[in-house]
Amino acid sequence: MAELTALESLIEMGFPRGRAEKALALTGNQGIEAAMDWLMEHEDDPDVDEPLATPLGHVLGREPTSPEQGGPEGTGSAAGEGKPILSEEERQEQTKRMLELVAQKQREREEREEREALERERQRRKQGQELSAARQRLQEDEMRRAAEERRREKAEELAARQRVREKIERDKAERAKKYGGSVGSRPSPPTEPGPVPSSPSQEPPTKREYDQCRIQVRLPDGTSLTQTFRAREQLAAVRLYVELHRGEEPGGGQDPVQLLSGFPRRAFSEADMERPLQELGLVPSAVLIVAKKCPS
């Protein structure tokens, strides 16, 4: 069966003549399939319909018409020898075969685009998973650093409280050494004998000496602490007892405290911390109120 030329076949399938000629020229006249592949690959190019600068006769693989063939008879003779005339049935069969080839190429192109789309989606999901994993690692690192910072702050706070306790113990030891005994057990100065009363009815009442005092401390949260101290212990011992037993405050911090007397109202200063309880009028019992110390 005689066949159409590649150019005529492409035109029969609906491709513009200029585009078909360009496809054949750029594929080196390797046949209709190569030209169709090029047309389907470059159909969306903005310059697909721009003509080539090379002479058309040479591009399409046809020899230029010689002077001997320039006449009407020569042209007709060459046309008659090189391109047999096809019947209508043969032309339809040829067109049908070409259209099937076009449909096959289109299916192959769609399958290729679908595979490429699936690959892009796979890459996108992979990148999303990697990004999510990186974010999770970053959050875990931040949480670990925050936990380490909290532990460090807690350790520093405990160390500071330990230094305060040690300082108070050193102060107490130094005072005991200075006065030749423990602060709590330091003997009271002897009382001078008073005048001998002339008669039992005129004897003045003697003032009782207390060795201990009972201190009740009211905390800001409404609870209270009760402890017995020696009468000659300093008020700093009461404050230390409060700091060690008042418990943790919300937020993890411990603010310095100030001691107040209930009645008459009095705020004890740092100088008062060095004075004994007996001298401050807190013997034999007293009620103290704890307040947060205002920063100076």
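Points to keep in mind about this one:
- When region 82-104 is filtered for residues that are among the hydrophobic types (A, V, I, L, M, F, W, C) and modelled with pLDDT under 75, the ones remaining, listed by number, are I85, L86.
- Region 152-166, residues that are surrounded by 11 or more Cβ atoms within 10 Å (Cβ to Cβ) and among the basic types (K, R): K154, R161, R165
- R175 vs. criteria at pLDDT 60 or above, assigned to a helix (DSSP H, G or I), exposed (fewer than 11 other Cβ atoms within 10 Å of the Cβ) and outside the structural domain of A286 (by TED's automatic domain parsing): no
The values are calculated or read from the model by the stated rules, or taken from the named source; none is laboratory data. None of these values were measured; they are calculated from a predicted model. Neighbour counts are summed over all protein chains in view; Cβ atoms, including those assigned to glycine, are modelled from backbone coordinates with ideal geometry.
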